[in-house]
Amino acid sequence: MASTYDAVVVGAGHNGLVAAVMLARAGWKVVVVEANARPGGALMSAEVTRPGYVHDLFATNLNLFLASRFYAEFGDDLARHGLRLRRSDLPYANVFPGGRSVGVSVGLESTLERLRRLDPGDAQGWQRLHELYERVSSTLFGVYASPISSYGLTKAMVTAARTLGRKGLADLAQLVSSSCRELVDAYLVSAEAKALVACWGLHLDFGPDVSGGAVFPFLEAFSDMQVGMSVAEGGASCLVDALCGLLREHGGELRTGVAVERILVTGGRAIGVELADGQHLQAARAVVANVSPTALVGNLLAPGDLPEGISRALERYAYGPATMMVHLALSKPVPWDAGDELQRFAYVHVAPYVDDLAQTYADALAGRLPAEPLLVVGQTSSVDATRAPADGQVLWVQVRTLPTRILTDPAGSLAGRSWDEAAEPFADRVMAKLERYASGLGAAVLDRAVLSPADLERQNRNLVGGDSIAGSMHLRQTFGFRPAAGMARYRTPVGGLVLVGAGTWPGPGLNAQSGYLAARDLLSRARWHDRFRQGQHRWQSRRAW
Ligand SMILES: Cc1cc2nc3c(=O)[nH]c(=O)nc-3n(C[C@H](O)[C@H](O)[C@H](O)COP(=O)(O)OP(=O)(O)OC[C@H]3O[C@@H](n4cnc5c(N)ncnc54)[C@H](O)[C@@H]3O)c2cc1C
């Protein structure tokens, strides 16, 4: 016999869990079904190198989560369920050839001081950029935290027009449409200061010359300067455990190690799911799918469940370049040529310059293995010393941006054309690059674990092709177009079926937004529905009387 719930959540990514917590707290009977043995999706930690060394396998920086409306509401509950945070006041830095570096610290003055050492013009440009941030960031964050609706956007624009004035609105429009290179060229002087901002673009899939690519690096560069960078004490899974603890506290259920094979639709309404083991779970009110848009249309729904136009749009949903992770257990902090102060920064970008980023991005799109991949070096132990024994360190190295399919290796040393073959040799290239900026690092490596783009997809089917952001964030696929026009507000044309996760507005990152907004929408519709039913009932009893 099928078990019956109010809501079945497909996938225990953080958005699925967030939605489940909110529905369960409102009294719904909720179950979350996760294909993996462990919940969390791209938020997970494990001892993958050696015992006692806890690595955040995928996401590590919790800033987006901590700025979310969900955290504002449930932060104390998560703390009750064991979430502790560790914060660095030195969020990010870049290294350059010749033992040079520049970093951003919490506080404008200390950051300006570092930039002045590069070029007084950089400090002036940074200050002007900061003024722009102060003027427009509340509008941009306001849009980011709202559902995409014509009412919401009109309200945001009217408020922006009132607070920013005509000149401010023009600046905002120019910022939103700029590429990152256009932004940094307009404000900054040295190649180093420009790279400091532009590296953030590649955290999404914004090569320096992609229109619309300025906003994310701009916001990240300055919000980190305000709040530093935070990780979960003891590992990213501590946040997942806290979410699951909260879910259970509200009576929710979590089933792991079993995939949902089909979403069952009858009469245009989602009525439940079929699991890989053949079991059916009925959903009286909603199915919340924390899945990729292409899996929704290609695997989980039957042909004809969605209108043809929407199906076609979802099938065309595009993924960005791939990502690879290299996790290192070290016997000592990274011996940066630029000096020991650099060991205290949460992230160090190794690019080095904007032109290198442009080349890497073009290589990735064309199927070429980049000679100079962008490395995001997360010095996790410097933020959270609990991650390794006293005499050890864990290092999180994200390699961005890589080809999904390898066609050539212009550097000529790698023969493998599948990621399973190329992963380890390419990780050697990564290590060689790091060694050029940190002589002697190799000797400090105790163990390493490599997760190739293929591994990322194997571990989380939403990371199609190893795309860490689960779908390009270019303008044609964001705002009202994520995942497709007509579906940006989480509802789908199938009654009771909502889609959440990185493939929906506002996109990837631990922002918890889609889970939060979709659950709120479900709850408010249910309230209207219940009121309507009560009214109908009262009307009928009066007539009967
Ligand atoms: C390497 C890497 C580094 C990152 N670094 C950061 C960072 O530092 N900070 C940051 O903010 N963001 C970062 N991100 C992005 C961020 O982690 C993701 O955007 C975010 O976790 C996506 O959350 P989600 O809710 O969409 O679910 P996901 O994390 O994608 O999880 C979805 C879950 O659903 C499950 N699932 C899918 N289909 C089914 C099915 N049919 N049946 C059952 N279960 C199913 C999957 O197994 C998975 O567990 C990073 C991502 C990666 C990959």
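Descriptive notes on the structure:
- When the Cα positions of Pro51, Gly213, Leu23 are compared along the charge dipole of the chain, Leu23 comes out farthest toward the positive end, with charges on each C-beta of Lys, Arg, Asp and Glu.
- For the pair Glu131 and Ala385, label points projected 7 Å from Cα toward Cβ lie 4.2 nm apart.
- The range 107-227, accessible area per residue, ligands and nucleic acids excluded (1.4 Å, Å²): 43 Å²
- Percent antiparallel among DSSP beta bridges (both partners in the chain, rounded to 5): 65 percent
- Working ranking of peptides 423-430, 480-487 by packing, defined as the average number of other Cβ atoms within 10 Å per residue, highest first, is 480-487, 423-430.
- Using a probe of 1.4 angstrom and keeping all protein chains present, the accessible surface of the range 366-468 works out to 38 square angstrom per residue.
- Debye intensity ratio I(q)/I(0), log10, the chain, q values 0.07, 0.08, 0.12 Å⁻¹ (C-alpha model): -0.40, -0.52, -1.18
- Take each peptide in 34-47, 15-28, count the other Cβ atoms within 10 Å of every residue, and average; sorted highest first, the result is 15-28, 34-47.
- For the set Cys180, Cys238, solvent exposure ranked by accessible area (probe 1.4 Å, protein chains only) runs largest to smallest as Cys238, Cys180.
- Placing Asp340, Asp89 in order of accessible area, with the largest value first and a 1.4 Å probe, yields Asp340, Asp89.
- Sorted peptide list for 405-413, 266-274, criterion being average Cβ within 10 angstrom, highest first: 266-274, 405-413
- The slack between Glu109 and Arg162, meaning 0.36 nm per residue of separation minus the straight C-alpha distance, is 16.1 nm.
- Phe532, Phe216, ranked by accessible area, largest first (probe 1.4 Å): Phe532, Phe216
- The distance from the alpha carbon centre of the range 119-136 to that of the range 262-320 is 47 Å, rounded to a whole number.
- Think of it as helices only: each DSSP H run of n ≥ 4 in the chain is worth -39500 (n - 2.57), and spread over all residues that comes to -13000 deg cm²/dmol at 222 nm.
- Cα-based Lys proximity count in the chain, under 29 Å, for pairs eight or more positions apart or on separate chains: 4
- Computed over the range 162-270: relative contact order in percent, which uses C-alpha pairs under 8 Å that are six or more apart: 22 percent
- Contour excess over end-to-end distance, with Cα ends at Ala318 and Ser3 and 0.36 nm allotted per residue: 109.8 nm
- Carbon + sulfur, % of accessible area of the chain - ligands and nucleic acids excluded, 1.4 Å: 52 percent
- In the distance distribution for the range 264-359, Cα-Cα pairs more than 23 Å apart total 56 percent.
- Across the chain, Cα pairs under 8 Å and at least six residues apart give a relative contact order of 23 percent.
The values are calculated or read from the model by the stated rules, or taken from the named source; none is laboratory data. Just so it is clear, the structure is predicted and the values come from calculations on it, not from any experiment. All Cβ positions, even for glycine, are placed from backbone atoms using ideal geometry, and neighbour counts span all protein chains on display. Just the protein is used for accessible areas: all its heavy atoms, side chains included, with ligands, DNA and RNA removed. Shrake-Rupley method; radii C 1.70, N 1.55, O 1.52, S 1.80 Å.
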